[in-house]
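Asker: Take this structure, written in structure tokens, and hold onto it; I'll ask about it next.
The values are calculated or read from the model by the stated rules, or taken from the named source; none is laboratory data. This structure is a prediction, so every number in the text was calculated from the model and none was measured. Reconstructed Cβ throughout: ideal geometry from the backbone, glycine too, with neighbour counts over all protein chains shown. Just so you know, the surface numbers come from the protein's heavy atoms only, side chains and all, with ligands and any DNA or RNA stripped out. Shrake-Rupley method; radii C 1.70, N 1.55, O 1.52, S 1.80 Å.
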Amino acid sequence: MKVFTTVEGLRAELTEVRRAGLTIEFVPTMGALHEGHLRLIQRARRDGGVVVVSIFVNPTQFGESEDFETYPRDLDADLALAGGLGVGMVFAPAAVEMYPGGEVRTTVDPGPLGGILEGAHRPGHFTGVATVCAKLFSIVGPDRVYVGRKDAQQVAVLKQMVNDLNLAVELVACPTVREEDGLAMSSRNRRLSPDQRREAPAIFEALQAASAAARARESSADALLGACRAVLDRHPSVRVQYLELVDQQTFEPVDRVPPDALLVIAAQLGSVRLIDNTIVGTAERPEREGVV
Ligand code: AMP
């Protein structure tokens with residue numbers, strides 16, 4: 001496995017890869033790799049090309065009062081994990097390599113989709129995400145990019161960007177990987193105290209309560225959200241930022257299921273902010289994996 005910290009070094013190597021007729025399979029991450037990331041890498045390997053993983057905690061997607069400084073970082077452990085999974089190349093640039101002079105002039109604005117839900121609570125977040133992904137896609141030139149459905153709105157923002165900017169990449173969305181107790185895996189879980197870690201599965205438990213109600217033919221959004229809140233009320237340390245039933249494409253609120261809708265939540269435990277989502281409908285459906 002080769003590790004690059006410069007755009008120039010990575011590009012030179014990728015030119016060779018393309019010359020050899022191999023495809024480039026790209027998994028962008030912010031590091032502190034966990035099983036969720038590893039499944040994306042394993043999925044990328046199935047497509048047979050050279051797997052490139054980026055590890056970059058992107059400052060421009062964090063707000064002033066957010067956890068950029070405390071975001072978990074462990075490059076040595078990440079490289080050991082990636083090396084064991086047959087990753088061909090890791091791109092781990094410093095911030096100055098991605099933003100020379102610390103300046104960000106040209107940005108990608110995802111429009112209204114970037115301003116609701118996560119975007120409303122984290123102003124500028126999706127502009128940061130879309131901009132860094134546009135840069136990474138341009139640097140790496142991947143055939144396919146593998147992303148996790150845990151970050152459902154991020155998948156939608158990237159899909160919109162790929163379509164709107166006619167980027168020649170395929171986005172492959174992969175299911176959310178969870179701990180045994182249902183908590184969605186996240187690098188931020190490392191920052192939970194033991195007490196918070198015990199409470200955190202209430203987030204998924206709440207989503208499941210709504211799924212169960214929908215399968216029992218409860219169809220109104222109010223009732224489904226009420227089922228969620230009943231669970232969360234028993235866990236006051238889980239402070240909900242938003243909890244909404246939304247259309248899977250537009251992320252605009254819906255009044256009822258069916259058709260299937262996406263239940264999205266953001267909650268804070270102490271200073272740790274977690275997000276999760278699930279598809280809610282009258283039938284139980286596993287999350288789909290595939291090109292979006
Ligand atoms: P991050 O390092 O958190 O920016 O995530 C990098 C990629 O891994 C994104 O596409 C995430 O959606 C994905 N990812 C993070 N956590 C999970 C998870 N629990 N299951 C599936 N994908 C995940």
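Asker: Has the stretch 111-119 got any residue that is outside the structural domain of residue 247 (by TED's automatic domain parsing), more than 13 Å from the chain's Cα centre (by Cα), touching a residue at least 12 places away in the same chain (Cβ under 8 Å) and within 13 Å of the ligand (Cβ to nearest atom)?
Answerer: no
Asker: Can you pull out every residue in the stretch 232-247 that is without any contact (Cβ under 8 Å) to a residue 60 or more places away in the chain and out of contact with any helix residue (DSSP H, G or I) (no Cβ under 7 Å at 6 or more places or on another chain)?
Answerer: 233, 234, 236, 239, 247
Asker: Before we move on, is residue 62 more than 11 Å from the ligand (Cβ to nearest atom) and more than 16 Å from the chain's Cα centre (by Cα)?
Answerer: Details: more than 11 Å from the ligand (Cβ to nearest atom): yes; more than 16 Å from the chain's Cα centre (by Cα): no.
Against the criterion (more than 11 Å from the ligand (Cβ to nearest atom) and more than 16 Å from the chain's Cα centre (by Cα)), residue 62 does not qualify.
Asker: Any chance you could count how many residues in the stretch 186-208 are open to solvent by 30 Å² or more (accessible area, probe 1.4 Å) and either among the aliphatic types (A, V, I, L, M) or outside any loop (DSSP other than H, G, I, E, B) (or both)? Steps first, please.
Answerer: Kept after step one, since they are open to solvent by 30 Å² or more (accessible area, probe 1.4 Å), are these residues of the stretch 186-208: 188, 190-191, 193-199, 204-205, 208.
From the residues that got through so far, the ones that are either among the aliphatic types (A, V, I, L, M) or outside any loop (DSSP other than H, G, I, E, B) (or both) too are 188, 190-191, 194-199, 204-205, 208.
The qualifying residues number 12.
Asker: Continuing with this model, one more query. Restricting attention to the stretch 32-87, which residues are in a loop (DSSP other than H, G, I, E, B), more than 25 Å from residue 172 (Cβ to Cβ) and open to solvent by 40 Å² or more (accessible area, probe 1.4 Å)?
Answerer: Those that are in a loop (DSSP other than H, G, I, E, B), more than 25 Å from residue 172 (Cβ to Cβ) and open to solvent by 40 Å² or more (accessible area, probe 1.4 Å): 64, 65, 66, 68, 69, 70, 73, 74.
Asker: Go over the candidates 27, 17, 3 one by one and state the one that is away from the ligand (no atom under 16 Å from the Cβ), among the hydrophobic types (A, V, I, L, M, F, W, C) and assigned to a strand (DSSP E or B). Outline the logic, then answer.
Answerer: On the way: 27 fails: away from the ligand (no atom under 16 Å from the Cβ); 17 fails: assigned to a strand (DSSP E or B).
Matching residue, one of 27, 17, 3: 3.
Asker: Is it true that some residue in the stretch 111-119 is closer than 21 Å to residue 245 by Cβ and in contact with a Ser or Thr (Cβ under 8 Å, 6 or more places away or on another chain)?
Answerer: Step one: of the stretch 111-119, the residues closer than 21 Å to residue 245 by Cβ are 112-119.
In the following step, the residues that additionally are in contact with a Ser or Thr (Cβ under 8 Å, 6 or more places away or on another chain) were identified as 113-114.
Checked the stretch 111-119: at least one residue is closer than 21 Å to residue 245 by Cβ and in contact with a Ser or Thr (Cβ under 8 Å, 6 or more places away or on another chain).
Asker: So for the stretch 201-219 (the condition being in contact with a helix residue (DSSP H, G or I) (Cβ under 7 Å, 6 or more places away or on another chain), over 21 Å from residue 285 (Cβ atoms) and not β-branched (Val, Ile, Thr)), does at least one residue qualify?
Answerer: Going through the stretch 201-219, the residues in contact with a helix residue (DSSP H, G or I) (Cβ under 7 Å, 6 or more places away or on another chain) turn out to be 202, 205-207, 209-210, 213-214, 218.
Narrowing the set further to residues that are over 21 Å from residue 285 (Cβ atoms) leaves 202.
In the following step, the residues that additionally are not β-branched (Val, Ile, Thr) were identified as 202.
Within the stretch 201-219, one or more residues are in contact with a helix residue (DSSP H, G or I) (Cβ under 7 Å, 6 or more places away or on another chain), over 21 Å from residue 285 (Cβ atoms) and not β-branched (Val, Ile, Thr).
Asker: Could I ask something else about it? Among the listed residues 12, 32, 44, which satisfies the condition of being more than 23 Å from the chain's Cα centre (by Cα) and either more than 8 Å from the ligand (Cβ to nearest atom) or not basic (Lys, Arg) (or both)?
Answerer: Exactly one residue qualifies, and that residue is 12.
Asker: Tell me, please, whether a residue that is under 11 Å from residue 153 (Cβ atoms), among the hydrophobic types (A, V, I, L, M, F, W, C) and open to solvent by less than 60 Å² (accessible area, probe 1.4 Å) can be found in the stretch 101-116.
Answerer: Scanning the stretch 101-116, I find at least one residue that is under 11 Å from residue 153 (Cβ atoms), among the hydrophobic types (A, V, I, L, M, F, W, C) and open to solvent by less than 60 Å² (accessible area, probe 1.4 Å), so the answer is yes.
Asker: Any idea which residue in the stretch 141-169 is farthest from residue 251 (Cα to Cα), counting only those that are in contact (Cβ under 8 Å) with a residue 60 or more places away in the chain and more than 14 Å from the ligand (Cβ to nearest atom)?
Answerer: Only one residue tops the list, namely 141.
Asker: Considering (1) within 13 Å of the ligand (Cβ to nearest atom); (2) touching a strand residue (DSSP E or B) at 6+ places or on another chain (Cβ under 9 Å), say which one residue 179 fails and leave the rest.
Answerer: Single failed check for residue 179: (2).
Asker: Those residues that are closer than 16 Å to residue 219 by Cα and surrounded by 13 or more Cβ atoms within 10 Å (Cβ to Cβ), I need them from the stretch 259-268; list them, please.
Answerer: Our first condition is that a residue be closer than 16 Å to residue 219 by Cα; within the stretch 259-268, this holds for 259-263.
Once the filter is applied, which keeps residues that are closer than 16 Å to residue 219 by Cα and surrounded by 13 or more Cβ atoms within 10 Å (Cβ to Cβ), the stretch 259-268 yields 260, 261, 262, 263.
Asker: Please go through the stretch 209-252 and pick out each residue that is touching a Ser or Thr at 6+ places or on another chain (Cβ under 8 Å), open to solvent by 20 Å² or more (accessible area, probe 1.4 Å) and in a helix (DSSP H, G or I).
Answerer: Matches in the stretch 209-252: 215 only.
Asker: Would you mind telling me which numbered condition in (1) more than 10 Å from the ligand (Cβ to nearest atom); (2) closer than 26 Å to residue 47 by Cα residue 199 fails?
Answerer: (2)
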